[in-house]
Amino acid sequence: MSALQSASAKGQPAAAGPYDVVVVGAGFAGMYMLHRLRQQGLSARVYEQGGDVGGTWYWNRYPGARCDVESMQYSYSFDEELQQQWEWSERYAPQPEILKYANHVADRFNLRSDIQLNTRVDRAEFDESTNSWSVTTSDGKTVTARYVVLATGCLSNAKMPDIKGLSDFKGRVYHTGHWPHEEIDFTGQRVGVIGTGSSGIQSVPVIAEQASHLTVFQRTANFSIPARNAALTAEERDSFRANYPEIRRIAREEMRNGIVQEVPDRGALDDGENERRERFEARWSKGGLTFMGVYNNLAFDQAANDTAADFVRDKIAEIVKDPQTAKLLQPNDHPIGSKRICIDTDYFATFNRPNVTLVDIKSDPITEILPHAVRTSAKEIEVDALVLATGFDAMTGSVAKIDIRGRNGQTLNQKWAEGPRTYLGLMSAGFPNLFIITGPGSPSVLSNMIVSIEQHVEWIADCIAHMRDRDLVAIEASRDAEDRWVAHVNEVAHTTLYPQANSWYMGANIPGKPQIFMPYIGGVGLYRQICNDVAAKGYEGFAMTAAEPMQRAAS
Ligand code: NA7
């Protein structure tokens, strides 16, 4: 047994380290990672910058926040009793319920004793002489650990827009990704929402019900499909529960995005116009993300994609009464689905309300925020409060905030200056014993995140067990394997229409960020197979280092 393993084996919570593993983040990834490591008798310390567990669902408390994956599928599968017992109330769980679930998991599996809240990891430095990491946290302490696992989330670094005068605004300013914990009531207020991605689209209808007037500042119109959210019936819940093993297996192995749905047997142009319209109508009525699964070529073929995009544009024109507003709300600069499609409740209909105005800031850009108003090049709009639904520095943003130093003192930010480089999304060459959960180069944000999280946690836990069983002390992605993987991720992305959009998948929403398609689009089933094959071949593409004889003797 190594010194790094001794604390947990004595059955004591290791308060001061050293630890086998430091986990950064206590969202769904960090919590399950901790649970698995403990099951393997390893000591782990989780640092979480938030005041409680839950990650994304701790921060994103904005009105109307909901998951866009159905709750019976957006849930852990690793514990049979948990999935049988938890009662999801609605088809799409609202944020407070998902946060309650995260807290329930923390309590149920007794995770809290190893999670240190309100603590950021500021720095992690690899010591080549001991093959371990030195991790410095915002409370000024430094601990060592054999491994570091970044469970920092893909959408956790909220992006404030760089708009002149924003700091002089006299009313309150809210970012959807940093929403206050207290109830915010906009009753009687003139509110401005900037941003019409998923967060804007979810919050606008709810804010419109409270505000005396709501102005939505739209730079890019987005495709959105009705959620058709509803209470789950006991029969629906029971049907999932009875079939969970098979449902979970299909999600993991057979679905590209980890969400069980009907699999299309044809492309959009294989049907005539009437039949195609009927199929789109059926999916529109059903609602939800699976709209894009109606045909098998919407992500690949522009002409096929156009049929779906036209259908949604027509729907917008049908719903929105004012033709000029409808036109502005019709997306026309990217293929449908090439930005994550949004799921809404009454978003487009909200623009029929007398107290809601749409301002197109593409043709009439915001020039300045004044103490009581938003000024565009053509007008001044008085507002009492501002909601910034302006998104995140996605996938790499939270990792980039940590000063991570690998071999020869190279920082991860230096290495990723031209865009993230990983092998399988799990590790980056030059940074031994540093794992990333749902990192760039893995399916992550293109999938049901919990499916991808569980797969990564289990792969990492198995890898660490493999190393421990063989007295191996370091694992590192080889440059060759990484180069090949990065090329593959790119190649697959460019067989699709995704790179055509200025999306956060591409880093396009952050000025100066390298524009590279970050997630792996090959699908979760294929990706899992690749990861499993790599492990079965003795972690092919990874170099492993054995313990020095001295270290081994001490074990
Ligand atoms: P998104 O999807 O990145 O949306 C951000 C929105 O904010 C989008 O409409 C942007 O317009 C707009 N934006 C960003 N910066 C500005 C500035 N400076 N001025 C005006 N408008 C701006 O973030 P969300 O939080 O909505 O959703 C993120 C994911 O969370 C979502 O995909 C789901 O997976 C869950 P743009 O399109 O860049 O022109």
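Accessible area per residue for the range 53-133 is 39 Å², calculated with a 1.4 Å probe on protein heavy atoms, without ligands, DNA or RNA.
Listed peptides 424-431, 27-34 appear in the order 27-34, 424-431 once ranked by packing, highest mean of other Cβ atoms within 10 Å at the front. The simple spin-label model puts a point 7 Å past each Cα toward its Cβ; for Ala242 and Asp364 those points are separated by 5.7 nm.
Carbon-plus-sulfur accessible fraction, the chain (probe radius 1.4 Å, protein heavy atoms only): 48%.
A Förster radius of 51 Å, combined with the Cβ-Cβ distance separating Arg277 from Met544, puts the computed FRET efficiency at roughly 0.35. If amide hydrogens are placed 1.01 Å from N in the peptide plane, which non-local residues have theirs closer than 5 Å to the one on Asp403? Result for Asp403 returns Arg123, Ala124.
Placing a label point 7 Å from the Cα of Glu382 along the Cα-to-Cβ direction, the residues of the range 199-221 whose backbone N falls under 18 Å of that point are 211-216. Cross-link partners among aspartates and glutamates for Lys327, C-alpha distance below 18 Å, same-chain residues fewer than 8 apart left out? Lys327 reaches Asp306, Asp310, Asp314, Glu318, Asp346, Asp360, Asp364. The shape of the range 96-218 can be summarised by an equivalent ellipsoid whose semi-axes, obtained from the alpha carbon gyration tensor, come to 38, 20, 13 Å from longest to shortest. Sorted on the mean count of surrounding Cβ atoms within 10 Å across their residues, most packed first, peptides 267-275, 308-316 read 308-316, 267-275. Evaluated over the Cα positions of the chain, the convex hull gives a direction-averaged projected area, one quarter of its surface, of 25.3 nm².
Taking the DSSP beta bridges in the chain as the whole, what percent of them are antiparallel, to the nearest 5?
Antiparallel: roughly 40 percent of the beta bridges in the chain.
Computed as a quarter of the hull surface, the mean projected area of the alpha carbon convex hull for the range 477-555 stands at 8.1 nm². Available extension along the chain between Glu183 and His104 is 26.2 nm, counting 0.36 nm per residue and deducting the alpha carbon span. Note on Lys401: lysines with a C-alpha under 23 Å away, same-chain residues under 8 apart excluded, are Lys141, Lys159, Lys415, Lys513. Ranked by the mean number of other Cβ atoms within 10 Å per residue, highest first, peptides 291-297, 103-109 order as 291-297, 103-109. Work out the FRET efficiency for Glu90 and Glu253 from their Cβ-Cβ distance, taking R0 = 35 Å, and round it to the nearest 0.05. It comes out at approximately 0.80.
Subtracting the Cα-Cα distance of Glu491 and Lys164 from their residue separation scaled by 0.36 nm leaves 113.8 nm.
Please state the equivalent ellipsoid semi-axes for the range 410-555: what are the square roots of 5 times the Cα gyration tensor eigenvalues, largest first, in whole Å?
Working: eigenvalues 176, 58, 30 Å².
After scaling each eigenvalue by five and taking roots: 30, 17, 12 Å.
Taking every protein chain into account, the accessible area of the range 348-478 amounts to 31 square angstrom per residue (probe 1.4 Å). For Lys170, a cut-off of 18 angstrom between C-alpha atoms picks up these aspartates and glutamates, skipping any fewer than 8 places away in its own chain: Asp162, Asp185, Glu368, Glu380, Glu382, Asp384.
Rounded to the nearest 20, the size of the Cβ-charge dipole of the chain about its Cα centre is 940 debye, with Lys and Arg at +1 and Asp and Glu at -1. Shown here for the range 449-555: GluC sites (Glu not before Pro) in loop regions (DSSP other than H, G, I, E, B) with at most 13 other Cβ atoms within 10 Å, namely Glu540. Estimated from the Cβ-Cβ distance and a Förster radius of 45 angstrom, the FRET efficiency linking Glu262 and Asp533 is about 0.95.
Extension gain, Asp139-His372: 0.36 nm per intervening residue step, less the Cα-Cα distance, totals 80.1 nm. Quick one: Debye curve from the C-alpha atoms of the range 303-432, no solvent, what's log10 I(q)/I(0) at q = 0.09, 0.19 Å⁻¹? With one equal scatterer per Cα and no solvent, log10 I(q)/I(0) is -0.50, -1.11.
The values are calculated or read from the model by the stated rules, or taken from the named source; none is laboratory data. Note that this is a predicted model, so its numbers are computed, not measured. When we count neighbours, we look across all protein chains shown, and the Cβ atoms used for this are built from the backbone with ideal geometry, even at glycine. To get the accessible areas, we keep the full protein, side chains included, count just its heavy atoms, and leave off ligands, DNA and RNA. Shrake-Rupley method; radii C 1.70, N 1.55, O 1.52, S 1.80 Å.
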